[in-house]
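Single-structure report; data block below.
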Amino acid sequence: MKTLYTGKTKNVVELDNGQTALYFKDDMTGKDGVFDPGENQVGLTVEGAGQKGLALTEYFFEQIKAAGIPTHFLEADVANRLMLVKPADVFGQGLEVICRFRAVGSFLKRYEDYVVEGQELPGFVEITLKNDTKGDPVISKEALDILGILSANEYERVRELTLQVAELIQADLAEIGLDLYDIKFEFGRDPATGEILLIDEISGGNMRVYEAGQVLDPFDLSERVLEARKS
């Protein structure tokens, strides 16, 4: 197994058979030992988090596949923390796409003069450049097009897919009494066809989910969802 890219919570690897896979670590983003999906650093390590995150990612990607939404997901080997994926080219040096249903995190910090914490938002979608040193700055549709990162048509397709997936996950979580506040996605292009694919992971590490007003950490969220779905 050869490491192609080292990330904070996952590595992109090439397996001995030439397939591409994501390797899920036990690391979580946060600060001073407290989980925060908006942080750009590893804040804590929890044994078993990688397997739990991959198991939840597999669960959600199967739901998304059933809905006919294109992704890079092929299959998961949870025991070995590996997810087989199709190759995909990222936009520019990488984009993060956030769908917000409630005002928390960086959105609240930016607009705290105009919103209160937890205020409902209408599935608001925004895109940021994936750049830790610059704090993942928000970028507009026009700037993405001008800079040749994402065309105007591609922007609308990404926004459409973001809402479809976010609303699917929101509804799924609501069935077991959980409230999705926000969620972060990544997308890429199929190098052979140019089709836009949902890529990366869909786990507790890239969403804020609350139960009875309390945020769930990624480990607890995985257990809560997966246990509920067994019954």
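The values are calculated or read from the model by the stated rules, or taken from the named source; none is laboratory data. Just so you know, these numbers come straight off a predicted model, no measurement behind them. A quick note on method: Cβ atoms are made from the backbone with ideal geometry, for glycine too, and the neighbour counts reach across all protein chains shown. Surface accessibility is based on the protein's heavy atoms, side chains included, excluding ligands, DNA and RNA. Shrake-Rupley method; radii C 1.70, N 1.55, O 1.52, S 1.80 Å.
For the chain, set up a GNM with springs between Cα atoms under 10 Å and report which of LYS52, LYS65, LYS134 has the largest fluctuation.
The residue that fluctuates most here is LYS134.
Ignoring ligands, DNA and RNA, what percent of the 1.4 Å accessible area of the chain is carbon and sulfur?
Working: 5400 of 11480 Å².
Reported share for carbon and sulfur atoms: 47 percent.
Tell me, how many Å apart are the Cα centres for the range 6-46 and for the range 139-208?
So the separation of the two Cα centres works out to 19 Å.
Can you pull the accessible area of ASP182 for me, 1.4 Å probe, Å² to the nearest 10?
10 Å²
If you place +1 on the Cβ of every Lys and Arg, -1 on the Cβ of every Asp and Glu, and leave all else neutral, what size is the dipole of the chain about its Cα centre, to the nearest 20 Debye? Provide the component values of the computation, followed by the final result.
On the way: 24 positive and 41 negative charges, 56 e Å.
Computed charge dipole of the chain: roughly 260 debye.
Under a 5 Å amide H to amide H cut-off, with H placed in plane at 1.01 Å, what residues pair with LYS25 once short-range neighbours are removed?
LYS10, ASN11
So which chymotrypsin sites (Phe, Trp or Tyr not before Pro) in the range 101-152 pass both tests, a DSSP loop state and at most 10 other Cβ atoms within 10 Å of the Cβ?
Numbers: sites: PHE101, PHE107, TYR111, TYR114, PHE124; in loops: TYR111, TYR114.
Of the chymotrypsin sites (Phe, Trp or Tyr not before Pro), the ones in loops of the range 101-152 whose Cβ has at most 10 other Cβ atoms within 10 Å are TYR114.
Can you pull out the GluC sites (Glu not before Pro) in the range 9-63 whose DSSP state is coil and whose Cβ has at most 14 other Cβ atoms within 10 Å?
Numbers: sites: GLU14, GLU39, GLU47, GLU58, GLU62; in loops: GLU39, GLU47.
Sites meeting the loop and neighbour criteria: GLU47.
How large is the translational diffusion coefficient of the chain in µm² per second when you combine the Kirkwood radius over alpha carbon pairs with Stokes-Einstein at 20 °C and 1.002 mPa s? Walk me through the intermediate numbers first.
Values: Rh = 18.0 Å.
Estimated diffusion coefficient is 119 µm²/s.
Would you mind calculating the gained length between ALA192 and VAL42 on full extension (0.36 nm times residue separation, minus the Cα-Cα distance), in nm to one decimal? Provide the component values of the computation, followed by the final result.
Values: separation 150, 0.36 × 150 = 54.00 nm, distance 3.41 nm.
My answer for the length gained is 50.6 nm.
Projected onto the charge dipole of the chain (+1 at Lys/Arg Cβ, -1 at Asp/Glu Cβ, origin at the Cα centre), which of THR57, THR128, ALA212 gives the Cα projection farthest towards the positive end?
THR128
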